[in-house]
Amino acid sequence: QVQLVESGGGLVQPGGSLRLSCAVSRNIFSISVMGWFRQAPGKQRELAATISRGGSTNYADSVKGRFTISRDNANNTVHLQMNSLKPEDTAVYYCNALFAFRNYWGPGTQVTVSS
């Protein structure tokens, strides 16, 4: 079992930055892949970024160059640094863990980009 809790969402102006954090309930080295997904109103959930146990990263084209995913192994936390935010980044952001062939999800954190 893996419990995930996101934090760091909020309201930000276009061009601003936010840093999301995901607290993981077990040793992060035991988890194959950690990721951030997002779901905008009326749209399907989509991948934003993933990071493997070995540190390899993958980004959606829409966030490449603006978002950075990282792992804090000492604190069992995954971060998503989001820069140059756009209104179209507005969504609920979900932390995801692939562990023992199962997907686990956090409850999500709202990110709103608006002036």
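The values are calculated or read from the model by the stated rules, or taken from the named source; none is laboratory data. Please read these numbers as outputs of a predicted model, since none were measured by experiment. We place every Cβ from the backbone using ideal geometry, glycine too, and count neighbours over all the protein chains shown. With ligands, DNA and RNA removed, areas are computed over all heavy atoms of the protein, side chains included. Shrake-Rupley method; radii C 1.70, N 1.55, O 1.52, S 1.80 Å.
Here the calculated FRET efficiency for residue 74 and residue 100, from their Cβ-Cβ distance with R0 = 30 Å, stands at 0.85, rounded to the nearest 0.05.
Here the Karplus relation 6.51 cos²θ - 1.76 cosθ + 1.60, evaluated at θ = phi - 60°, turns the backbone of segment 102-115 into coupling constants of 10, 9, 10, 10, x, x, x, 9, 7, 10, 10, 10, 7, 8 Hz, with x for every Gly and Pro.
For segment 1-42, give the percent of accessible area contributed by carbon and sulfur heavy atoms, probe 1.4 Å, rounded to a whole number. With neighbouring chains kept in place, the figure for segment 1-42 is 53 percent.
Spatial offset of segment 56-107 relative to segment 7-40 amounts to 5 Å, using the alpha carbon center of each.
Before anything else, pin down the relative contact order of the chain: Cα pairs under 8 Å, at least 6 apart, normalised by residue count, whole percent.
In percent, rounded to a whole number, it is 37.
Rounded to the nearest whole Hz, the Karplus-based 3J(HN,Hα) values (6.51 cos²θ - 1.76 cosθ + 1.60, θ = phi - 60°) of segment 33-38 follow the sequence 9, 10, x, 10, 10, 9, with x at glycine and proline.
Shown in residue order for segment 21-27 are the 3J(HN,Hα) couplings computed by the Karplus curve 6.51 cos²θ - 1.76 cosθ + 1.60 at θ = phi - 60°: 10, 10, 7, 10, 7, 9, 4 Hz (x for Gly and Pro).
Note on exposure: 6, 88, 46 ranked by accessible area (1.4 Å probe, complete protein assembly) read 88, 46, 6, with the most exposed listed first.
Taking all protein chains as shown and a probe of 1.4 angstrom, residue 4 keeps an accessible surface of around 10 Å².
In a DSSP loop and with at most 14 other Cβ atoms within 10 Å, the trypsin sites (Lys or Arg not before Pro) in segment 52-95 are 64.
In this structure, residue 81 and residue 33 have a Cβ-Cβ separation that, at R0 = 25 Å, corresponds to a calculated FRET efficiency of about 0.85.
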